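Below you'll find the structure, written out as structure tokens, and then a few comments.
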Amino acid sequence: MVIQILIGGLMFQSFGVYAAELREQFGWSKTTLSAGFAMTRAESGLLGPLQGWAVDRFGPRIMIRIGITSTAIGFLLFSQINSILTFFLTFFLIAVGSSMAGFMTLTVAVVNWFERKRALALGLMSTGFAIGGLMVPLVVLSMNVIGWRNTSIATGVLIFIVGQIVATFIYHRPEDRGETIDGVPAPEPDEPRRAAGGPVVIPANDDFTAREALRTPTFWFISIGHASAVLIIGALMVHLVLHLHESLGYSTAQAGLVIALMTAFQIVGQLGGGFFGDEVNKRVLLVACMVGHVVALLLVAYATSLWMIMAFAVINGLAWGGRGPVQQALRADYFGRKSFGTIMGFSSLIVMTGMSTGPIVAGILADRTGSYELGFTILAIVGGVGTIFFALAAPPRRPGQSLERPEPPLAVPTLAGER
């Protein structure tokens, strides 16, 4: 959670604030700033399979230490940029580090330690990203007082010191410490496990390999659904502050408060999604969250009054927070934990096409039309179509498996959860 606070608050959710400062000082276009962010997300996707394999092979701690160091150095160098080339190079270094130390690596660790309340554990860990969003007003304040360059230096130092300390307490699997998953006796080899109030989970010796997972339609449905969600999230990370500031006339400080409100409700969504994700059908929750993303994006695109911006912040925060832990728990429930990092890494190849494309589409159309309305509308439509893929993500059958595990109907939430 602490690492998520650092990376989420000081890098991802503050990018829009840095973008506004860079645009004001250097006059760079929205498309240029979008391309920088998109490049880093493409890098994350391309390195995903290798990173996932490395986490499965070497454990999360060493990946976090390397990633934190890279991120810190990147911020120190970022404070000295004076051209588009140096902007791209330093931000690339920050992105590589934040990916290595960030969400994928941390998710693998949590999935390996928790099963009964896996969605809740992922939700609690993910709240760090939302809590980090509450730091955005502080980042804005720091820029106003000491400038964006000194803020970048302070960020690099803070991330390095705190990140390296926290990494000491992260372990790969409970077996590494002579413990068991959930702290309970391990089941018999062929005995199916049911998380309390939750899904039937496949035995450890029946976990999917990455190759087996890639051959299932479910892997692709979840990945495409996830990509359509971050298509919207990526566009908002880069352009929300610019939209509120340049299009709607709010100050960067006021825009920071909107982000803070959104991330406050993101925390509520993560805790709620974590709790209900262990109790009801996960696909129902994912579909509901996607609808929330679409409605929220249209609200802020056509906002004409403050209430529409506030409604956007609340709805998108709840949808964003609720979706994150539920979709990762669904992957783990379906494919197991043995090769989870590698499976998640291959999924990132698809997911990051959305994170990379969203900002570019919004930026290009904003430069050409002078408004974000068209770009945000197109992204909302694509997000609505992506909702269908989450609905289609039924439990996969392992090659050669003759027994189908039943699942409750998608339209009816049930305490039995996903099966």
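The numbers here are math on the coordinates, done by the rules we state, and not lab data. The structure displayed is predicted, hence computed values, not measured ones. For neighbour counting, all protein chains shown are included, and Cβ atoms are generated from backbone atoms with ideal geometry for every residue, glycine included.
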Exercise. What angle do you read, to the nearest 10 degrees and between 0 and 90, between the alpha-carbon axis of helix 84-101 and the longest principal axis of the chain?
Worked result: 30
Exercise. List the lysines whose alpha-carbon lies under 24 Å from that of LYS117, not counting same-chain residues fewer than 8 positions away?
Worked result: LYS282, LYS338
Seminar exercise, completed: So for R0 = 30 Å, FRET eff. of PHE92-LEU138 from the Cβ-Cβ r, to 0.05, ends up at 0.70
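Return an integer: the convex hull volume of the alpha-carbon atoms of segment 49-184, in Å³ per residue.
With only Cα atoms used, segment 49-184 gives 109 Å³ per residue.
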Exercise. By how many nm would the segment from VAL2 to ASN150 lengthen if fully extended, with 0.36 nm per residue of separation less the alpha-carbon distance?
Worked result: 51.0 nm
For this session: At 7 Å along the Cα-to-beta-carbon direction for both ALA253 and LEU50, put a label point, then send me their distance in nm to one decimal.
Result: 4.5
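Starting from the Cα-Cα distance between PHE275 and THR304, subtract it from 0.36 nm times their residue separation and give me the gain in nm to one decimal. Intermediate values should be presented prior to the final figure.
Details: separation 29, 0.36 × 29 = 10.44 nm, distance 3.53 nm.
Length gained, PHE275 through THR304: 6.9 nm.
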For this session: Would you work out which of PHE91, GLY375, LEU138 lies farthest towards the positive end of the dipole of the chain, given +1 charges on the beta-carbon of Lys and Arg and -1 on that of Asp and Glu, about the Cα centre?
Result: PHE91
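Is it possible to state the helix-based mean residue ellipticity at 222 nm for the chain, with each DSSP H run of 4+ residues giving -39500 (n - 2.57), the sum divided by total residues, to the nearest 500 deg cm²/dmol? What is it?
Numbers: 15 runs with 300 residues, N = 419.
The per-residue figure over the chain is -24500 deg cm²/dmol.
Hey, can you rank 303-314, 66-77, 380-391, 234-245 by average C-beta count inside 10 Å, highest first?
Numbers: 303-314: 16.1, 66-77: 21.7, 380-391: 19.2, 234-245: 25.6.
Packing proxy ranking, top to bottom: 234-245, 66-77, 380-391, 303-314.
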For this session: Given the peptides 147-153, 333-339, arrange them by the average over their residues of other C-beta atoms within 10 Å, most packed first.
Result: 333-339, 147-153
Exercise. What is the fewest-to-most order of GLU212, GLU115 by other Cβ atoms lying within 10 Å of their Cβ?
Worked result: GLU212, GLU115
Problem set entry | Options LEU120, PRO49, VAL361, ranked by Cα towards positive dipole end of the chain, top entry (Cβ charges) | PRO49
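Can you give the charge dipole size of the chain about its Cα centre, rounded to the nearest 20 debye, using +1 on the beta carbon of Lys and Arg and -1 on the beta carbon of Asp and Glu? Don't jump to the answer; show the numbers that get you there.
Details: 27 positive and 24 negative charges, 52 e Å.
Charge dipole, the chain, about its Cα centre: 240 debye, nearest 20.
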Problem set entry | Mean Cβ count within 10 Å, highest first, over the residues of peptides 3-9, 326-332 | 326-332, 3-9
For this session: On each of the three principal axes of the Cα atoms of the chain, give max minus min coordinate, whole Å, ordered largest first.
Result: 63, 42, 31
Exercise. So what's the angle, to the nearest 10 degrees on a 0 to 90 scale, between helix 373-392 and the longest Cα principal axis of the chain?
Worked result: 0
Problem set entry | Separation in nanometres of the label points that stand 7 Å from Cα toward Cβ, at GLU24 and ARG368 | 3.0
